[in-house]
Amino acid sequence: MTRSNKKPDGRELFSLFRFILPRNAEQEISAYMPCFSNIIKRTMKNGVSAMERPTIGAKKKLLVFLFCAVFGYLLLFGRILFIEFFRAEEWQELAYEQQTRDRLITPKRGSILDRNGEGIALTETVCAVSVIPVQVKEKEKTAAFLAEMLELEQTEVLEKISQNVALVRIKTKVDTETAAKVRKAELPGVEVDEDVRRVYPYSEMAAQVVGFVGKDNQGIIGLEAKYDELLEGKQGKILTLTDSRGNEVESKQDRIPPEDGKNLVTTLDVVLQQYAEQTIAKAVESKGAKRGVIIMLNPQNGEIYAMANYPFFDLNDPFTMQDPELAAQWDSFSQEEKNDLLNQMWRNTAINDTYEPGSTFKIITSSAGLEEKVVTPESSFYCRGFYVAGGRQIKCWRYPRTHGAETFVQGVQNSCNPVFMEIGERLGAETFLEYMQKFGFAQKTGVDLAGEAVGIIHKLENIGPVELATISFGQSFQITPIQLAATVSSLINGGTRVTPHFGVEIRDGEGNLLKKLSYEQKEGIVSEETSETMRYLLEKVVSEGGGKKAYIEGYRIGGKTATSQTLARGTNKYISSFIGFAPADDPQVLAMAIIHNPQGIYYGGTIAAPVVQDIFSNILPYLGIEKEDVVMETKDNPSAVE
């Protein structure tokens, strides 16, 4: 076949396509054929069409298009590789989540144990009842049955199972007996799953310290909140394959077991805690006081044996007001008022609240004076019943009577305010403030409980002669009880700053040790010489001074009394306190009692010292601290009763 060199015209091109045109279109197109032929001829050159010889601009456009296409394909391919090698597992999980319905299994929360392994906060197995609304066939009947079994309102249950959701929880913490009856009924769409319930075997014991959990088993206050991450564990799941409407595709279910929480071993001792609570409750009630607190710890390492706040509350029913008067008016309060009152009831005043320490702070003034050598045990003083500072006469607690001439040892025994005001003046404001900061009153102790407050102390520029004088005997500033207990511990243990704490070990459910908790210690807070002198001085306070009502025959006990006014002044409201330790020559236990607003006699030596004596009488034999053969002579000293 020979190839023709004739250039095609419009008619020939038309003849190629006429077979696809309708017959009546041929005549109409023929009329335009000459015009069409001219267009074709103009687009042809040397027998080659314009399509066979693209312009430079067209080539550039084509190149750009090809580049974009290749880049797009490479980008898409790279994305596929990225998903395949780096996101495959995640996308598989998302697809699985979309295709399944899961019911959460609450893990068993770890236990809180005392130092001897006694359970303080435990977890028991119960059940949770849920409903898959799409599977419920008779909603009215199902709602009536569940309402009766679970002691709920039928309208409430019906409203829940009528929701357009995959799964709705009807009730948690259902006892196993009731759950068995619900399961036995085999109602379509009703599921009974595992659940847990937190229980507190001792109910009120150490309530403000241990804390409690909410409905979701999350710690709210106390150790439950502080160690929540360790205690809570990890949720499990029951997975069911479903269609787009939520109906089960197959009856087979996958169960991902929960991971139980870890157990927390604490420094608390159930026996010592119960002694402390019995004692403080008796003291507060007998004196018609507002509230009271006792702290008991080991001054050598900061381990807290007991921390009792009175009034108590029931950990198994923490949202019920314990105060009878407030409980009677409960329904009249707004929700905000109820929340405030509950928070006050749950408040741990040993760490959350500040107060003026009064004369127990003279331990700090004495230690600073001895360290700076502005005073010695033999130093002489004279009490005129008052001291003049900044032109202002500041009275001794014994005014208008006086203590007269006295040594520093006697001044500590008598708790004589002028003695300590003079020591404060010798130290000077700057040095005194440095010691307050060094002893930890400007910072938190680091106790392992949430919400610890910090002391409210003066700035240097605000300390004049009057402020310096009042600070020296424990007024015009505020600290927390735990701050004072921690600082006194460091001043009598040889000068080592300890961190008061509760947590000591983390163990698994089998009792295996997972971790030992450690806390900061800092040596050199004061010299060993100063610490030894302070132990001697404070033992004299108990044997011959204002703390003699804390004395126990056969035991060497040191301590200091305090009586301070609450703010605002002039309200005739006082705080009675005593801090003591034993044995005085080698302290193994420190106890602090604070009683707010006792009625009648309010002196710390009369009210609080006997509380610590009562505690020591019970706990010293329990701790294995034996009596000594030497009986110390005690002297009545009326001028030392504060």
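So which chymotrypsin sites (Phe, Trp or Tyr not before Pro) in segment 317-358 pass both tests, a DSSP loop state and at most 14 other Cβ atoms within 10 Å of the Cβ?
Those that pass, being in a loop and sparsely packed, are Phe319, Phe333.
Roughly speaking, to the nearest percent, how much of segment 448-564's 1.4 Å accessible area is carbon and sulfur?
C and S atoms contribute 47 percent here.
Say R0 is 30 Å: what FRET efficiency, to the nearest 0.05, do Ala328 and Ile456 get from their beta-carbon distance?
0.25
Per-residue counts of other Cβ atoms within 10 Å, averaged by peptide: what ranking do you get for 291-304, 447-460, 597-610, highest first?
Highest-to-lowest ranking by the protection proxy: 291-304, 597-610, 447-460.
Hey, can you find the accessible area per residue of segment 310-435 for me, probe 1.4 Å, expressed in square angstrom?
Value for segment 310-435: 45 Å² per residue.
Apply the Debye scattering formula to segment 111-239, with a single equal point scatterer on each alpha-carbon and no solvent, then give log10 I(q)/I(0) at q = 0.14, 0.18, 0.22 Å⁻¹.
-0.71, -0.96, -1.19
Taking the Cα centre of segment 420-533 as origin, work out the dipole magnitude from +1 charges on Lys and Arg Cβ and -1 charges on Asp and Glu Cβ, in debye rounded to 20.
260 debye
Of Met421, Phe361, Ala328, which is farthest along the charge dipole of segment 310-434 in the positive direction, counting Lys and Arg as +1 and Asp and Glu as -1 at C-beta?
Farthest towards the positive pole: Met421.
Dimensions of segment 380-478 along principal axes (Cα, Å, largest first)?
47, 28, 21
The values are calculated or read from the model by the stated rules, or taken from the named source; none is laboratory data. All figures in this text were calculated on a predicted structure; none of them were measured in a lab. Please note: Cβ atoms are built from the backbone with ideal geometry, for glycine as well, and neighbour counts cover all protein chains shown. All accessible areas refer to the heavy atoms of the entire protein, side chains included, with ligands and DNA or RNA removed. Shrake-Rupley method; radii C 1.70, N 1.55, O 1.52, S 1.80 Å.
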